[in-house]
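The next block holds one structure in the form of structure tokens; read it before the comments.
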Amino acid sequence: RTRMLDSSRAHQYSTSRRKRASRIPIPCRTTVPSADIQRLLTMPQPELDKLFMASPPGPIPNGRAEGTAIVEPESSQSPEIAAYINTFAWKGKIFDAANGTLVNRLGVTGSEGILAKVYVDKSLIDGKDCIVLDYSKTSLVAHHIRDEIRQIGPNTYLGPVYWDNKKLFYFALKF
């Protein structure tokens with residue numbers, strides 16, 4: 001049995017629902033990117049390319065890294081896009097250097113999933129050594145994905161994400 005609300009009660013009802021909805025906590029980024037990562041979000045794409053090409057591969061990392069997606073770099077939306085992705089989709093990676101693998105931290109809770117092989121090989125950008133994060137043989141979901149990283153500073157790596165060898169965007173890892 002449904003009840004009809006008169007227009008004043010209907011307005012009160014919808015207003016109170018909106019007020020309650022506005023008080024629902026929205027998950028947010030639990031860590032703010034470091035200053036060096038924030039700087040990457042404001043760099044033009046060609047500067048990110050130059051920084052990556054000028055950097056050494058560094059050692060294959062080990063342990064937990066906080067990740068930041070660098071989508072639409074240099075735009076005013078880049079920090080918001082990065083925060084949204086970090087909150088709802090991808091939080092970072094956990095590397096196991098001894099076994100040459102990593103697992104991604106995904107979703108709001110940071111659940112572990114999507115395994116990759118990790119090894120040194122030639123970059124698709126410049127043909128020089130980089131650390132490859134290869135999902136082609138470890139994941140049905142991400143088998144088209146190849147990430148590359150190089151060390152751009154202490155405990156900090158930068159790299160492109162590829163889909164079938166087409167560069168999509170950059171990301172950064174902070175250990």
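For the condition over 19 Å from Ala142 (Cα atoms), open to solvent by less than 30 Å² (accessible area, probe 1.4 Å) and β-branched (Val, Ile, Thr), what is the one hit in Thr87, Thr109, Thr42? Only one candidate passes the filter, namely Thr87. Inclusion of Glu72 among residues that are on the phi > 0 side of the Ramachandran plot and either at pLDDT below 95 or not β-branched (Val, Ile, Thr) (or both) is warranted. Just one of the numbered conditions (1) at pLDDT 95 or above; (2) open to solvent by 80 Å² or more (accessible area, probe 1.4 Å); (3) assigned to a loop (DSSP other than H, G, I, E, B) is not true of Ile24; which one? Ile24 satisfies all of (1) at pLDDT 95 or above; (2) open to solvent by 80 Å² or more (accessible area, probe 1.4 Å); (3) assigned to a loop (DSSP other than H, G, I, E, B) except (1).
When each of Ser139, Ser123 is tested for being of a type in the set (S, T, N, Q), under 18 Å from the mean Cα position of the chain (by Cα) and either open to solvent by less than 10 Å² (accessible area, probe 1.4 Å) or over 19 Å from Gly67 (Cα atoms) (or both), the lone residue that passes is Ser139.
Among the residues of the stretch 116-153, those that are in contact (Cβ under 8 Å) with a residue 12 or more places away in the chain and farther than 24 Å from Phe52 by Cα comprise Lys137, Thr138, Ser139, Val141.
The values are calculated or read from the model by the stated rules, or taken from the named source; none is laboratory data. Values in this document were obtained by computation on a predicted structure and should not be read as measured data. Heads up, the Cβs are rebuilt from the backbone with ideal geometry, glycines too, and the neighbour counts pull from every protein chain shown. All accessible areas refer to the heavy atoms of the entire protein, side chains included, with ligands and DNA or RNA removed. Shrake-Rupley method; radii C 1.70, N 1.55, O 1.52, S 1.80 Å.
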